[in-house]
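The block underneath contains the structure these notes are about, expressed in structure tokens.
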Amino acid sequence: METLNQLVRLYLDKNGISDKFFQQYIGCSQTTCSKWFQGERKLNAEQLKKTHEFLQGKHFHSIEEIMGEIK
């Protein structure tokens, strides 16, 4: 069974999402996230919550949201 960091890595790779986008979404520095992906560091509670949201697709914007931004 994969760990959360392994699952996130697969998710990012399979969906063509950059590490930088993920880092910004969960509020994690590049260094911290890099060490987390390597299993050398843990994320804080808020970052873990945002990671679970990310995996549920909450980082996507609906077309309604996008159109609202254009107006």
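The values are calculated or read from the model by the stated rules, or taken from the named source; none is laboratory data. Worth saying up front: this structure is predicted, and the values here are computed from it rather than measured. No Cβ is skipped: glycine too gets one built from the backbone with ideal geometry, and neighbour counts run over all protein chains shown. Please note that ligands, DNA and RNA were not included when accessible areas were found on the heavy atoms of the full protein model with its side chains. Shrake-Rupley method; radii C 1.70, N 1.55, O 1.52, S 1.80 Å.
For the reader, a short list of remarks on this structure follows.
- Rounded to the nearest 20 debye, the dipole magnitude of the chain is 220 debye, with +1 charges on Lys and Arg beta carbons, -1 on Asp and Glu beta carbons, and the Cα centre as origin.
- With all protein chains kept in place, the per residue accessible area of the chain amounts to 74 square angstrom at a probe of 1.4 angstrom.
- Solution diffusion estimate, µm²/s, Stokes-Einstein, the chain, Kirkwood Rh from C-alpha pairs, 4 °C, viscosity 1.567 mPa s: 100 µm²/s
- For region 20-71, the set of GluC sites (Glu not before Pro) satisfying both a DSSP loop assignment and a count of at most 13 other C-beta atoms within 10 Å is given as Glu40.
- Surface composition of the chain: carbon and sulfur atoms hold 53% of the protein heavy-atom accessible area at a 1.4 Å probe.
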